[in-house]
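Let me begin by presenting the structure, written as structure tokens, before commenting on it.
The values are calculated or read from the model by the stated rules, or taken from the named source; none is laboratory data. Everything numeric here is computed off the predicted structure, so don't read it as measured data. Note that each Cβ is placed from the backbone with ideal geometry, even for glycine, and that neighbours are counted across all protein chains shown. To get the accessible areas, we keep the full protein, side chains included, count just its heavy atoms, and leave off ligands, DNA and RNA. Shrake-Rupley method; radii C 1.70, N 1.55, O 1.52, S 1.80 Å.
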Amino acid sequence: MAASPIFRSSSLSPQLLQHNSSANAKPRGTAHFTPIKATTSSDPATTSPSPAPQSSNHLKHRRSADENIRDEARRHNAAHNFSAKYVPFNADPTSIESYSLDEIVYRSRSGGLLDVQHDMDALKKFDGQYWRSLFDSRIGKTTWPYGSGVWSKKEWVLPEIDSDDIVSAFEGNSNLFWAERFGKQFLGMNDLWVKHCGISHTGSFKDLGMTVLVSQVNRLRKLNRPVVGVGCASTGDTSAALSAYCAAAGIPSIVFLPANRISIAQLVQPIANGAFVLSIDTDFDGCMQLIREVTSELPIYLANSLNSLRLEGQKTAAIEILQQFDWEVPDWVIVPGGNLGNIYAFYKGFHMCKELGLVDRIPRLVCAQASNANPLYLHYKSGWKDFKPVKAGTTFASAIQIGDPVSIDRAVFALKNSNGIVEEATEEELMDAMAQADSTGMFICPHTGVALTALFKLRQSGVIRPTDRTVVVSTAHGLKFTQSKVDYHSGEIKDMACRFANPPVQVKADFGSVMDVLKNYLMSKESKH
Ligand SMILES: Cc1ncc(COP(=O)(O)O)c(C=O)c1O
Ligand SMILES: N[C@@H](CCOP(=O)(O)O)C(=O)O
């Protein structure tokens, strides 16, 4: 049996303290603040090893009354030799360019994307069974920080951050819902699942990435790095997550929102959490361009998924899916795509599980886009010839109304390496799919409607078979998008039949009238029985 990592003490990874001057190459729209070499009393290397695995199993006793869960974690803190650093995304294997995660850098020297690279050799010292048991042992506990679905995989996420610096709402561990009736009734499928990533602290999967990014910012601020606030451009979910996690940590947040293009529920989230909210008269792509320029000039840390830290948290949803299936691999995973960080995050999570021996294959990935904002779909259909951004049109799936996705290269990589597919959904298709899912007991967002449309199409073409185990990723809570449901069920959408609308019946306040409508209703149900 492989040894527990926490039995082995080692010194702090040299990368953590190294400043790579190459980070100072500064392409337009990126920030490279010079880091100050520093250590804190909370460095992993300065803490003593604990005598048992860092699962919560070894914590037999209740902590004393004057101790909170952070204090308790501090007592159990352990040394290990796992580490991670930034490297250019999909770099040539001979490249030696890398940056410490304590540097403020979003782009490689050539202006390309970055990726967080883990020391896989160190992780591979422990076999797949070890990692499966360790992750399984942490589920459903309140031990800090492992009660979070993200931080229960801490060694694979940010191995070097001190647990004390972590900002978490115990996000993740979201419901993997067996869509029994929807699968049978509409698709003839018996093994269809919906991963409800939107049933989360701020109502979307962004919490998974934001806990990681804001935790690292918390650490950077303790290290006296020049970070005065954290900023993002958003279609509504990134801003909600950023403002909540920053508020929890007492860090200023700044959000750039495209005016009149996000739902009221999403707009009110950062306002309530005390963010500095700029409503800008442009679309998301315009906001994204502005925040990139601003964060290269001011000590504002960039929180969009251009920042590869975010994807380290988001990838844990993939690991969680495998874990929820007791480490059996589904055949398909369908993800709605906008700025395209998440599809890569899923790929990365699945791929790490394969590389570290937890599973022996990865699922095929499907990325689903709204037809009104479909640059990836067009690129796929062109046989991956040259990519052209589009001007994104209005869509009910407003959080993916994005024409120039920052993670296009990551998405193409993920799809090519998972034998993936890209599909698209018209407005009518996505709204019908959402209504059909809701009619079977779900309450999904329009983006999940896009993913379900992709599933309908792939079932119709026979690409996905009736018995294939399929997971649709639901990315946000339906309650954030109630106006779209009101419009649909009122049948008031121009050029849309709203086939599954279920409007309320207006009835007079007298017994006879109520009885009449009820009898009609019951008779219509009986005739369908
Ligand atoms: C609800 C929702 N679904 C899907 C997406 C798409 O994720 P990504 O931008 O990582 O492709 C987003 C954000 O873009 C979102 O907010
Ligand atoms: N849907 C996103 C768009 C920005 O995506 P990000 O993952 O790059 O932050 C949002 O909610 O803002």
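Out of the residues in segment 176-208 that are in a loop (DSSP other than H, G, I, E, B) and within 22 Å of ILE464 (Cβ to Cβ), which is most open to solvent (accessible area, probe 1.4 Å)?
Filtering segment 176-208 for residues that are in a loop (DSSP other than H, G, I, E, B) and within 22 Å of ILE464 (Cβ to Cβ), the one most open to solvent (accessible area, probe 1.4 Å) comes out as ASN190.
Among (1) in contact with an Asp or Glu (Cβ under 9 Å, 6 or more places away or on another chain); (2) part of a loop (DSSP other than H, G, I, E, B); (3) surrounded by fewer than 18 Cβ atoms within 10 Å (Cβ to Cβ), there is one condition ARG70 misses while meeting the rest; what is its number?
(2)
Considering only segment 387-426, how many residues are buried (at least 21 other Cβ atoms within 10 Å of the Cβ) and part of a helix (DSSP H, G or I)?
Number satisfying all stated conditions: 8.
Do we have VAL227 as hydrophobic (A, V, I, L, M, F, W, C) and farther than 24 Å from LYS315 by Cα here?
Judged against the criteria, VAL227 is a match.
Which of the helices (runs of 4 or more DSSP H) contained wholly in segment 75-171 include at least 2 residues that are surrounded by fewer than 20 Cβ atoms within 10 Å (Cβ to Cβ)?
Hits in segment 75-171: 120-123, 128-137.
Can you work out which of the residues in segment 298-317 that are near ligand 2 (Cβ under 10 Å from one of its atoms) and in a helix (DSSP H, G or I) is surrounded by the most Cβ atoms within 10 Å (Cβ to Cβ)?
Selected residue: ARG310.
Which condition from (1) within 13 Å of ligand 2 (Cβ to nearest atom); (2) surrounded by fewer than 16 Cβ atoms within 10 Å (Cβ to Cβ) is the one that ILE262 breaks?
In the conditions (1) within 13 Å of ligand 2 (Cβ to nearest atom); (2) surrounded by fewer than 16 Cβ atoms within 10 Å (Cβ to Cβ), ILE262 misses (2) alone.
Tell me the residue from VAL486, VAL463 that is over 24 Å from the mean Cα position of the chain (by Cα) and closer than 20 Å to ILE262 by Cα, please.
Details: VAL463 fails: closer than 20 Å to ILE262 by Cα.
Unique residue meeting the criteria: VAL486.
Yes or no, residue by residue, for (1) buried (at least 24 other Cβ atoms within 10 Å of the Cβ); (2) closer than 25 Å to ILE161 by Cα:
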position: ALA272; (1), (2): no, no
position: ILE291; (1), (2): yes, no
position: ILE319; (1), (2): yes, yes
position: TRP327; (1), (2): no, no
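Could you tell me which residue of segment 318-337 is farthest from ligand 1 (Cβ to nearest atom), considering only residues that are closer than 24 Å to ILE402 by Cα and outside any helix (DSSP H, G or I)?
VAL333
Please work out which one of (1) open to solvent by less than 10 Å² (accessible area, probe 1.4 Å); (2) away from ligand 2 (no atom under 15 Å from the Cβ); (3) touching a residue at least 60 places away in the same chain (Cβ under 8 Å) is the condition THR295 fails and give its number.
Looking at each condition in turn, THR295 falls short on (2).
Condition check ((1) in contact with a helix residue (DSSP H, G or I) (Cβ under 7 Å, 6 or more places away or on another chain); (2) at pLDDT below 95; (3) part of a helix (DSSP H, G or I)) across all residues:
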site	(1), (2), (3)
LEU257	yes, no, no
GLN269	yes, no, yes
GLY274	yes, no, no
SER279	no, no, no
THR282	no, no, no
GLY286	no, no, yes
ILE291	no, no, yes
THR295	no, no, yes
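If LEU101 satisfies all but one of (1) modelled with pLDDT of 95 or more; (2) in contact with a helix residue (DSSP H, G or I) (Cβ under 7 Å, 6 or more places away or on another chain); (3) within 30 Å of THR467 (Cα to Cα), what's the number of the condition it fails?
Only one criterion is unmet by LEU101, namely (3).
Could you please find all residues in segment 338-373 being in contact with a Phe, Trp or Tyr (Cβ under 8 Å, 6 or more places away or on another chain), in a helix (DSSP H, G or I) and over 27 Å from PHE82 (Cβ atoms)?
Scanning segment 338-373 gives a single hit, SER371.
Condition (residue is away from ligand 2 (no atom under 16 Å from the Cβ) and open to solvent by 10 Å² or more (accessible area, probe 1.4 Å)) applied to segment 338-350: is it met by at least one residue?
There is no residue in segment 338-350 that is away from ligand 2 (no atom under 16 Å from the Cβ) and open to solvent by 10 Å² or more (accessible area, probe 1.4 Å).
Do the conditions hold for PHE456, that is, is it under 24 Å from the mean Cα position of the chain (by Cα), open to solvent by 10 Å² or more (accessible area, probe 1.4 Å) and within 16 Å of PHE177 (Cα to Cα)? Step through it out loud before you land on a result.
Numbers: under 24 Å from the mean Cα position of the chain (by Cα): yes; open to solvent by 10 Å² or more (accessible area, probe 1.4 Å): yes; within 16 Å of PHE177 (Cα to Cα): no.
Judged against the criteria, PHE456 is not a match.
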